[in-house]
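The values are calculated or read from the model by the stated rules, or taken from the named source; none is laboratory data. These numbers were taken from a predicted model, which means no experiment stands behind them. Reconstructed Cβ throughout: ideal geometry from the backbone, glycine too, with neighbour counts over all protein chains shown.
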Amino acid sequence: MEAIEELKPERAEPLVSGLAIAQGAFDVVTGVWPIVHLRSFEAVTGPKPEGWLVKTVGALITVIGGALLSGGLRRRVSPELMLLAAGSAAALAAVDVIYSPQRISPVYLLDAALEGVIVTGWGVVAARAWKRRSASERAASPEEAIGVPT
């Protein structure tokens, strides 16, 4: 039973869980929207030649959002979930920036800005975790630093 408890992630601090909840809610809303009402989605974002593809991407974004909401609400935000969060936001922002001037509505630049804020938030979370870890490593004894059991 001890091994199972060791696998439980630490409770996420409020900034981490709050960011996961915020991104998760945003992703669920924006992911479900084209599935539920493609016509209104296209009214805002422009016509789409492949409705099935828009709905597929929406479904994937909804799943990402659901995972983030679940982890954030339970305050169980693992490094893997943080990678999914930051990576998906960065990928969506990149697509928005690359294709908005050429093929898609300029409204996607607003989405790119929001995704950029999210990526920045995860960067802050990672930097704070790295700083805490570095400080605790500096506080270790010289014996611990080289791996000698104490």
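At-a-glance table
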| item | result |
| --- | --- |
| Cβ-Cβ under 9 Å pairs, at least 6 apart or on other chains, the range 4-23 side surrounded by 10 or more Cβ atoms within 10 Å (Cβ to Cβ), far side assigned to a helix (DSSP H, G or I) and modelled with pLDDT under 65 | none |
| Qualifying residue in the range 29-50 (condition: surrounded by 14 or more Cβ atoms within 10 Å (Cβ to Cβ), closer than 18 Å to V117 by Cα and either at pLDDT below 95 or among the aliphatic types (A, V, I, L, M) (or both)) | no |
| Criterion: free of Cβ contacts under 8 Å to residues at least 60 places away in the same chain, over 16 Å from the mean Cα position of the chain (by Cα), part of a helix (DSSP H, G or I) and surrounded by 12 or more Cβ atoms within 10 Å (Cβ to Cβ) - qualifying residue of L92, L110, L60, L68 | L110 |
| Close pairs from the range 72-84: first under 16 Å from V119 (Cβ atoms), partner among the β-branched types (V, I, T) and assigned to a helix (DSSP H, G or I), Cβ under 8 Å, at least 6 apart | V77/V16; M82/V16; M82/V125; L84/I64 |
| Lone qualifier among S134, S105 - being small (G, A, S) and either outside any helix (DSSP H, G or I) or surrounded by 15 or more Cβ atoms within 10 Å (Cβ to Cβ) (or both) | S105 |
| So V117, is it surrounded by fewer than 16 Cβ atoms within 10 Å (Cβ to Cβ) and under 19 Å from K48 (Cα atoms) | no |
